[in-house]
Amino acid sequence: MDLGLKNKVALVAASSKGLGKAIAWGLAREGTKLVICARHKEVLEKTADDIFLKTGVSVFPLSIDLSESDQIDWLISETFDLFGRVDILVTNAGGPPPGYFQDLQEVDWQKAVDLTLMSVVRLTNAVIPGMRKQKWGRIIHLTSVSVKQPIEGLLLSNVLRPSIVGLTKSLSQELAPHNILVNSVSSGYCMTDRLRELFREKAKSRKTSIDKVTQEFVKEIPLGRIGDPEELANVVVFLASEKASYITGSNIQVDGGFVKGLP
Ligand SMILES: NC(=O)c1ccc[n+]([C@@H]2O[C@H](COP(=O)([O-])OP(=O)(O)OC[C@H]3O[C@@H](n4cnc5c(N)ncnc54)[C@H](OP(=O)(O)O)[C@@H]3O)[C@@H](O)[C@H]2O)c1
């Protein structure tokens, strides 16, 4: 199936590693030109080099911290200088820190709002005018299954991520007349550095093995395994494509059946 993504321009946020990187790879394989970003320059540049060498698509790594509004302004202006437009925006960021309500200070809330919510608002706001002008756009917000089923000990994620789904639905209504489609994808457990680190920490604190911790998580997943980032990326790539032309305002779970409630 030709997804019609050749020579489109995508900005994929938080994409030097993990889910963002898998999405960048997926789009590049379809011939999409890319801007990728993250804080650590070396890892980011290596990802860009690897993608370019294997796919031949233009990929520009821009090192920024997504919780800083002036750095997002710079990212956007560089992207427009490089390509003159953004056809596809994928929002993503590092997860907010874990913790229960009693552990959190006001400063933690503020930082989490800037990273998890405001980075999405700022990026989205910056690409809409161009998408309206060209009457074509795809905006895909990467979130977590915590939007459907709060996860114990991840209070900031449980509170802030549902706001992204609210934004997705509201924006999809406003932007539909301009042929800009807005959807979100909720990730279940996918094997990335972040999850490896979580398993390592849990194993250490419980004085048990990483294998045992992994098995406990897997027990809760009907498909009986942790997901591969590529399995999530495939859904995002499809939503970014011409073939997803009648899907907007949806939140799609990619979680191996983890969420037990109705979709
Ligand atoms: N993996 C899962 O199972 C899973 C499940 C549900 C939700 N999620 C959520 O999905 C998102 C991505 O997770 P992941 O597993 O792919 O994590 P990961 O493997 O740790 O990758 C995170 C990426 O985000 C970048 N990043 C982090 N903070 C940033 C910042 N302030 N500014 C710019 N870039 C930043 C990182 O690069 P730098 O560190 O260099 O900035 C890296 O490229 C997170 O919000 C996570 O909570 C993941």
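Quick note: the coordinates plus some simple rules give every number you see, no bench work behind them. From a predicted model like this one, the values you see are computed outputs, not experimental measurements. Counting neighbours? That spans all protein chains shown, and the Cβs are built from the backbone with ideal geometry, glycine included.
Which of 205, 58, 245 moves most in a GNM of the chain, Cα contacts under 10 Å? In this elastic network of the chain, the residue with the biggest mean-square fluctuation among 205, 58, 245 is 205. Near residue 65, no amide H atom lies under 5 Å from its own; only residues 5 or more places off or on other chains count, and H is placed 1.01 Å from N. Remark on residue 190: its backbone amide H falls under 5 Å from those of 227, a criterion applied only to residues 5 or more positions apart or on other chains, H modelled at 1.01 Å from N.
Coupling constants for segment 7-16 follow from the phi torsions by the Karplus curve (6.51 cos²θ - 1.76 cosθ + 1.60, θ = phi - 60°), and in residue order they are 6, 5, 10, 10, 10, 10, 7, 6, 10, 7 Hz; glycine and proline get x. Sorted fewest first by neighbouring Cβ atoms within 10 angstrom, 111, 17 come out as 111, 17. The phi torsions of segment 176-189, fed into the Karplus equation with coefficients 6.51, -1.76 and 1.60 and a -60° offset, translate into couplings of 4, x, 9, 6, 10, 9, 10, 9, 10, 10, 9, 7, x, 6 Hz, rounded to whole numbers, with Gly and Pro shown as x. First select every other residue whose beta carbon is under 13 angstrom from the beta carbon of residue 176; then total the charges, Lys and Arg +1, Asp and Glu -1. With Lys, Arg at +1 and Asp, Glu at -1, the net is +3. A simple spin-label model places pseudo-atoms 7 Å from Cα toward Cβ; at residue 49 and residue 243 they are separated by 3.4 nm.
Given 41/111; 17/133; 21/243; 46/148; 17/204; 148/219, which pairs have Cα atoms separated by over 27 Å? Mind showing how you got there, number by number?
Values: 41/111 22 Å; 17/133 32 Å; 21/243 22 Å; 46/148 35 Å; 17/204 24 Å; 148/219 19 Å.
Long pairs (Cα-Cα over 27 Å): 17/133; 46/148.
Taking 7 Å steps out from each Cα toward its Cβ at residue 209 and residue 234 produces label points 3.1 nm apart.
If you run the Gaussian network model on the chain, springs between alpha carbon atoms under 10 Å, then out of 134, 105, 253 the most flexible one is 105. Amide H to amide H distances under 5 Å link residue 141 with 91, 183, 184, 185, where only residues 5 or more positions off or on other chains count and H is placed in the peptide plane. Screening the chain for whole DSSP H helices of 15 Å or more along their axis (Cα) with average Kyte-Doolittle hydropathy at least -1.0 returns 18-29, 41-55, 69-83, 119-134, 155-175, 229-240. Neighbour counts of C-beta atoms inside 10 Å place 148, 207, 202, 46 in the sequence 207, 46, 202, 148, starting with the fewest.
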